[in-house]
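Scroll down for the structure; my scribbles are underneath it.
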Amino acid sequence: MVTVRYDIVEHDGGWAYKVQDVLSETYPSHEAALKAASDAAARQTLAGTTDGIVYQDKDGEWHEELADGRDRPATRVIDAP
């Protein structure tokens, strides 16, 4: 199973959470960023509906798949100094 990491980081004069190379909006405090990351991580684990999806890969090829709404990743919030 995939685990998605939410790292709490200093960013743009405040704090943010980072998932891979993507940063959230900037929060005024460490506590606010930690709460936002915890909320986002919890939402990501909730089951949704099974739907068909269409996406384009990095080579410009289009793909159609059935995305199982019950297939959710594990999440982990990392608040390391």
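The values are calculated or read from the model by the stated rules, or taken from the named source; none is laboratory data. Quick caveat: nothing in here was measured; it's all calculated off a predicted structure. Neighbour counts are summed over all protein chains in view; Cβ atoms, including those assigned to glycine, are modelled from backbone coordinates with ideal geometry. Just so you know, the surface numbers come from the protein's heavy atoms only, side chains and all, with ligands and any DNA or RNA stripped out. Shrake-Rupley method; radii C 1.70, N 1.55, O 1.52, S 1.80 Å.
All other residues with a Cβ under 10 Å from the Cβ of THR75 taken together, and with Lys, Arg as +1 and Asp, Glu as -1, what is their net charge?
Neighbour charge sum, excluding THR75 itself: +4.
Once Rg and Dmax of the Cα atoms in Å is worked out from the coordinates, which option in (1) 12.9, 56; (2) 15.4, 42; (3) 13.0, 39 does it equal?
Here the calculated entry is (2).
Give, rounded to the nearest 20 debye, the magnitude of the charge dipole that the chain has about its Cα centre when Lys and Arg contribute +1 at Cβ and Asp and Glu contribute -1 at Cβ.
400 debye
If you roll a 1.4 Å probe over the heavy atoms of the protein chains, what accessible area per residue do you get for the chain, in Å²?
Dividing the accessible area of the chain by its residue count gives 75 Å².
With angles folded into 0 to 90 degrees, how steeply does helix 30-44 sit against the dominant principal axis of the chain? Use alpha carbons for both and round to 10.
Taking the Cα atoms of the chain, the angle to 30-44 is about 20 degrees.
What is the chain's relative contact order, in percent, from Cα pairs under 8 angstrom and six or more apart in sequence?
Reported relative contact order: 34 percent.
Do the sum for the chain: with -39,500 (n - 2.57) for every DSSP H run of n ≥ 4, divided by all residues, what is the mean residue ellipticity at 222 nm, to the nearest 500 deg cm²/dmol?
Only helices count here, giving -6000 deg cm²/dmol.
Please identify, among HIS11, HIS30, HIS63, the residue showing maximal mean-square fluctuation in a Gaussian network model of the chain using a 10 angstrom Cα cutoff.
With Cα springs under 10 Å in the chain, the top fluctuation among HIS11, HIS30, HIS63 is at HIS63.
Heavy atoms only, probe 1.4 Å: what % of the accessible area of the chain goes to carbon and sulfur, would you let me know?
49 percent
How much FRET efficiency would the formula 1/(1 + (r/R0)^6) give for LYS35 and ALA74, where r is the Cβ-Cβ distance and R0 is 22 Å, rounded to 0.05?
0.65
So how exposed is ASP68, as accessible area in Å² (1.4 Å probe, rounded to 10)?
About 60 Å², ignoring ligands and nucleic acids.
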